[in-house]
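First comes the structure, then the notes that go with it.
Derivation of every value follows stated rules applied to the coordinates shown; laboratory data play no part. Please read these numbers as outputs of a predicted model, since none were measured by experiment. Using ideal geometry, Cβ is built from the backbone for each residue, glycine included, and neighbour counts are taken over all protein chains shown.
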Amino acid sequence: MGQLEGKVALVTGAGSGFGEGIVKLYAREGAQVIVADINEEAANRVAGEIGSAALAIKGDVSKREDVQKMVEAGLAEFGSLDIVVNNAAITHKNQPLLEVDEEMFDRMFDVNVKSIYYMTHAVVPVMRKQGKGVILNVGSTAGIRPRPGLTWYNASKGAVNLLSKSMAVELGPDNIRVNAICPVMGVTGMFELFMGAPDTPENRAKFQSTIPLGRFCMPSDVAAAALFLASDAAEFITGVEFPVDGGRTI
């Protein structure tokens with residue numbers, strides 16, 4: 001029997017990268033999953049590869065009505081919502097802080113931070129009614145040990161890391177666990193933006209040298225952490241910043 005047998009999970013940004021890794025592992029471990037992504041084609045592809053246990057839904061997490069729609073569609077399809085993974089995120093290009101324009105700043109905070117505000121409003125009443133729930137927010141090592149050139153992105157992830165702890169304290173009495181998963185950079189769609197340089201073996205080697213275990217983060221690494229933290233094995237774990245970083249933040 002899978003570790004998430006009988007559970008229903010909603011994962012945002014699940015059409016690629018870390019989100020795809022999480023939602024596929026959840027399904028393999030017995031969960032019914034809502035594959036939410038702004039890219040409808042990507043969401044449909046992932047849900048199609050999973051099969052009947054998956055529901056694809058297009059949505060922009062920076063819009064309250066879209067987030068509400070994700071939750072309502074999941075409840076209508078599967079009847080409950082046990083796990084929510086706020087994974088969708090964007091970044092600005094690695095560059096001097098004065099060069100990031102206001103439009104980019106606002107969009108990034110809307111997608112990375114305000115989306116969690118919207119999702120919390122949508123799911124906490126559901127989880128309170130059920131008497132339990134798990135919320136996982138994908139933060140970042142950028143919010144623990146920041147690199148120059150990504151200042152505003154670092155700030156958005158610092159907010160995610162901290163709000164996860166505060167949510168955990170406030171929602172603990174409701175039997176709702178909240179944790180932050182903090183990956184180091186991985187070879188996902190945002191990889192070149194994080195580096196701020198062409199994706200060459202030389203540039204990869206430079207960044208890789210800052211990670212003691214000597215490689216970048218993979219979707220399977222984040223998925224394994226997300227599985228543990230969502231499972232009953234982690235029933236007494238809440239409010240942690242869980243680095244998935246090969247030792248980067250030490």
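Among 215, 248, sorting on how many other beta-carbon atoms sit within 10 Å of each Cβ, with the fewest leading, yields 215, 248. Residues in region 112-140 near a label at residue 75, defined as backbone nitrogen under 16 Å from the 7 Å Cα→Cβ point? Under cut-off, by backbone N: 118-134. Ordered by the number of other Cβ atoms lying within 10 Å of each residue's own Cβ, fewest first, 119, 195 fall into the sequence 195, 119. Listed by chain and number, the aspartates and glutamates whose alpha-carbon sits under 16 Å from that of residue 58, ignoring those within fewer than 8 places in the same chain, are 20, 37, 40, 41, 66, 72, 77. What helices does the chain hold that run 20 Å or longer along their axis, going by alpha-carbon atoms, with a Kyte-Doolittle average of -0.5 or more, using DSSP H for the helix calls? Result, helices passing both filters: 64-78, 115-130, 151-171.
Please label the shape of region 47-129 as rounded, prolate or oblate, based on the square roots a ≥ b ≥ c of the eigenvalues of the alpha-carbon gyration tensor (a/c under 1.5 means rounded; beyond that, a/b larger than b/c means prolate, else oblate). Before the final figure, lay out each step's value.
Values: a/c = 3.06, a/b = 1.90, b/c = 1.61.
It is prolate, given that a/c is not under 1.5 and a/b is the larger ratio.
Per residue, the average separation of C-alpha pairs within less than 8 Å and at least 6 apart gives region 8-241 a relative contact order of 21 percent.
Can you tell me the dipole magnitude for region 8-241 around its Cα centre, using point charges on the Cβ only (Lys, Arg +1; Asp, Glu -1), in Debye to the nearest 20?
480
Would any residue of region 197-216 have its amide N under 12 Å from a label point 7 Å out along Cα→Cβ of residue 145? List them or say none. So the set is 209-214.
Between region 111-126 and region 138-200, the alpha-carbon centres lie 16 Å apart. Over the chain, dividing the summed -39,500 (n - 2.57) contributions of all DSSP H runs of at least 4 residues by the number of residues returns a 222 nm mean residue ellipticity of -13500 deg cm²/dmol.
Which of rounded, prolate or oblate describes region 98-250 when judged by the alpha-carbon gyration tensor and an a/c cut-off of 1.5? Don't skip to the end; give the middle numbers.
Working: a/c = 2.53, a/b = 1.53, b/c = 1.66.
Cα axes put region 98-250 in the oblate bin.
Peptides 33-43, 91-101, 126-136 ranked from most to least packed give 33-43, 126-136, 91-101, packing being the mean of other C-beta atoms within 10 angstrom over each peptide's residues. Taking other C-beta atoms within 10 Å as the exposure proxy, 109, 236, 18 rank 236, 109, 18 from fewest upward.
Taking K and R as +1 and D and E as -1, what net charge do the other residues with C-beta under 15 Å from the C-beta of residue 16 add up to? Provide the component values of the computation, followed by the final result.
On the way: positive: 24, 45, 58; negative: 20, 37, 40, 41, 49, 192.
My count for the surroundings of residue 16 gives -3.
By the rule of a C-alpha distance below 18 Å, with chain neighbours fewer than 8 residues away ignored, the lysines paired with residue 157 are 93, 114, 165.
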